[in-house]
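J.: Got a structure for you, written out below as structure tokens; questions coming shortly.
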Amino acid sequence: MKRPEFLTASNIMTQHGFFTRNGGVSEGQYTSLNAGLGSQDAPPHIMENRRLIAKSMKLEPEQLCSPKQVHGNKVLTLTEPLPTYPRPEGDAMVTNVPNIGLGIMTADCCPILLHDPKANVIGAVHAGWKSAYENIMSTSIEAMVNLGASTDTINMAIGPTIAQESYEVGPEFYERFIQLNPDNDQFFIFSRKLPEQYYRFDLPGFVASGYVDAGINPANIIDLKQDTLSQPKLFYSNRFNYLSLLSDFGRMLSVIRL
């Protein structure tokens, strides 16, 4: 996809992008740029796809880092590239070191790229509903600030994510978020009653709001507004594959580097 110039600045060299599912070597339900180290795709295909992504980012494959994502709020601060195996657990990474590619894997969850052009600090975040509920928004900003970033100058982009109109959830899900904060009702709309009331959840809206609460200027947040579920030829989607009775799904990579 087009790289949002929103994350760039004249005084620093950055590269970043939200990759689609196209342009790789995987086949079948993983066609074609599957970067998911945890998927059941052929490992040689996954590694070749990651090599292609790294090359497009002007990185060596070993410089492209992806943690073992566990749907929590742990943030890894990188001073050197992560090992491919075993991968440390975490759902976000930050660094101020050049030539380390921060790569987050998603397939409906919210990929977030962050950049402070004044402090030369970057971040990449995987925010599914669980990580968002655990407020990975706050912990990722705190980790960037610890490296010298300022909430006043951090820019942020939200990549392809399941959209509210595609994300139906049940009453237990709704109640969990309302118990966390009654104001979270604003991120739900009525879907249907069958027999219990179902809702549609605005994940990117909830995530963006969490970053505003963490101190990010709303004017410095951009959402690409690309729905993963409704565009299966362009994006991987866990929910699309589940509804299609497929056993597994590919993962897209979102990457930023200094």
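The values are calculated or read from the model by the stated rules, or taken from the named source; none is laboratory data. Everything quoted here is computed from the prediction, not taken from an experiment. Reconstructed Cβ throughout: ideal geometry from the backbone, glycine too, with neighbour counts over all protein chains shown.
J.: Quick one: which strands (runs of 3 or more DSSP E) lie wholly within region 153-251 and hold at least 1 residues that are out of contact with any helix residue (DSSP H, G or I) (no Cβ under 8 Å at 6 or more places or on another chain)?
T.: Of the strands (runs of 3 or more DSSP E) lying wholly inside region 153-251, those with at least 1 residues that are out of contact with any helix residue (DSSP H, G or I) (no Cβ under 8 Å at 6 or more places or on another chain) span 188-193.
J.: Also: Could you give me the residue pairs with C-beta distances under 7 Å whose first residue belongs to region 46-61 and is part of a helix (DSSP H, G or I), whose second residue is surrounded by 17 or more Cβ atoms within 10 Å (Cβ to Cβ) and of a type in the set (Phe, Trp, Tyr) wherever it lies, and which are 6+ apart or on separate chains?
T.: Note: pairs meeting the criteria are ILE53/PHE19.
J.: Taking LEU59, is it out of contact with any Leu (no Cβ under 6 Å at 6 or more places or on another chain), buried (at least 17 other Cβ atoms within 10 Å of the Cβ) and under 27 Å from TRP129 (Cβ atoms)?
T.: no
J.: Name every residue in region 147-169 that is at negative phi and exposed (fewer than 13 other Cβ atoms within 10 Å of the Cβ), in order of residue number.
T.: Within region 147-169, just ASP152 meets the criteria.
J.: Considering only region 176-185, I want to know if a residue exists there that is buried (at least 20 other Cβ atoms within 10 Å of the Cβ), at pLDDT 95 or above and either within 23 Å of GLY17 (Cβ to Cβ) or in contact with a strand residue (DSSP E or B) (Cβ under 9 Å, 6 or more places away or on another chain) (or both).
T.: yes
J.: Please work out which residue is nearest to the chain's Cα centre (by Cα), limiting yourself to region 192-247 and to residues that are farther than 25 Å from GLY123 by Cα and hydroxyl-bearing (Ser, Thr, Tyr).
T.: Looking at the filtered set, the residue picked out is SER230.
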